[in-house]
């Protein structure tokens, strides 16, 4: 039986633990930072804080000890918020070894460094003796609640390590959870991070009472600017037409379970960001954190991302949503031909 450690017991980490646990062929250890999460799983077999109503299989053990979670692990899946990734891997480093396979399921970018999560992990874990982690990125359209209850779901594991990709595909797949392989780590990771920003913008449109025309335009042009940045960073255009691009973008822009979209809805209704975040009870909308890094990465690559830039102005500069939409709609006339047009 495979020994799998899942680091992070938010909704998505818990959803993955349920997928892996229900197969009955894995020993799964789920590491929880919050004491109340650890206790609720141990007592009720349920994550009452982040994923209530979803039973966690008995084959999933919960712990608040990183050392215990990682002991004997063959696969380490990291599902923590992006701003905790570096710190947690620094804490985990003494318990990691070259026999482990690493799967990053965090959809975000590191502020300041502008690094993707697999880059952060590589930076922390690599050592002078030649140890470099074998890792991949797991992403795609996947609301945790729907994954946990067994709704058919398809995602992608991206890695240059074909053996790792095949192993993760085999170990994580079941009749309700289909995993495709991909070699474009850059595209899959950036797609998973950037779509959250566009989802906030979609929520803003909804909060302002705008209709389907506006959302359709936003998704289409959002995909175009996501693709421009992915290609500029070395990813592939076709990845943005797949699960980690268009698939995840449509889900988060239209689905009521999207935390990022929900933040946008409240912004469109006139609430402040600080008030919205205070009411999220510890849940994270990665798009809020990713916007700064995305703007920085776009500037570094000389890429224009008008929707992302306007969302940055709303989130961090106090710009009104009405003014941001007006500025988007009154930009100089463009040609649509080619995804790389600004």
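The numbers here are math on the coordinates, done by the rules we state, and not lab data. The model shown is predicted, which means the values in this text are computed figures rather than measured ones. Here the Cβ is made from the backbone with ideal geometry for all residues, glycine too, and neighbour counts use every protein chain on show.
So here's what we get for this one:
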{"quantity": "Gain in span if fully extended, residue 304 to residue 39, counting 0.36 nm per residue against the direct Cα distance", "calculated": "90.7 nm"}
{"quantity": "Fewest-first ranking of 33, 212, using other Cβ atoms within 10 Å as the exposure measure", "calculated": "212, 33"}
{"quantity": "Region 2-183 - Rg (one decimal) and Dmax (whole number), Cα, Å", "calculated": "15.1, 46"}
{"quantity": "Taking region 230-301 and dividing mean pair separation by its residue count, relative contact order in percent (alpha carbons under 8 Å, at least six apart)", "calculated": "23 percent"}
{"quantity": "Residue with peak Gaussian network fluctuation, the chain [Cα springs, cutoff 10 Å], from 104, 258, 320", "calculated": "320"}
{"quantity": "The chain: angle of helix 162-172 to the longest principal axis, Cα-based, in degrees nearest 10", "calculated": "80 degrees"}
{"quantity": "Exposure proxy order (Cβ contacts within 10 Å, fewest to most) of 231, 103", "calculated": "231, 103"}
{"quantity": "Förster radius 35 Å - calculated FRET efficiency between residue 55 and residue 250 (Cβ-Cβ, nearest 0.05)", "calculated": "0.75"}
{"quantity": "Fewest-first ranking of 195, 23, 145, 35, using other Cβ atoms within 10 Å as the exposure measure", "calculated": "35, 145, 23, 195"}
{"quantity": "Compactness of region 186-329 - radius of gyration and Dmax, Cα, Å", "calculated": "13.8, 39"}
{"quantity": "Rounded to 5, percent antiparallel among DSSP beta bridges of the chain", "calculated": "20 percent"}
{"quantity": "Contour excess over end-to-end distance, with Cα ends at residue 271 and residue 154 and 0.36 nm allotted per residue", "calculated": "38.7 nm"}
{"quantity": "Most fluctuating residue given options 97, 196, 47, as computed from a GNM of the chain linking Cα atoms under 10 Å", "calculated": "97"}
{"quantity": "Principal-axis tilt of helix 185-207 within the chain, Cα atoms, nearest 10 degrees", "calculated": "50 degrees"}
{"quantity": "Nearest 10 degrees, 0 to 90: helix 35-44 Cα axis against the chain principal axis", "calculated": "60 degrees"}
{"quantity": "Beta bridges per DSSP with both ends in region 28-112, % antiparallel, nearest 5", "calculated": "20 percent"}
{"quantity": "Within region 76-101: backbone nitrogen closer than 20 Å to the residue 128 label point (7 Å, Cα to C-beta)", "calculated": "90-91, 93-98"}
{"quantity": "Per-peptide average of other Cβ atoms within 10 Å, ordering 296-306, 124-134, 153-163 highest first", "calculated": "153-163, 296-306, 124-134"}
{"quantity": "GNM top mover of 171, 99, 206 - the chain, alpha-carbon springs below 10 Å", "calculated": "99"}
{"quantity": "Region 186-329, relative contact order in percent, only Cα pairs under 8 angstrom and at least six apart counted", "calculated": "34 percent"}
{"quantity": "Estimated inter-spin distance, residue 212 and residue 232, nm [label 7 Å along Cα→Cβ]", "calculated": "3.3 nm"}
{"quantity": "Percent of beta bridges antiparallel (DSSP, region 2-183, rounded to nearest 5)", "calculated": "20 percent"}
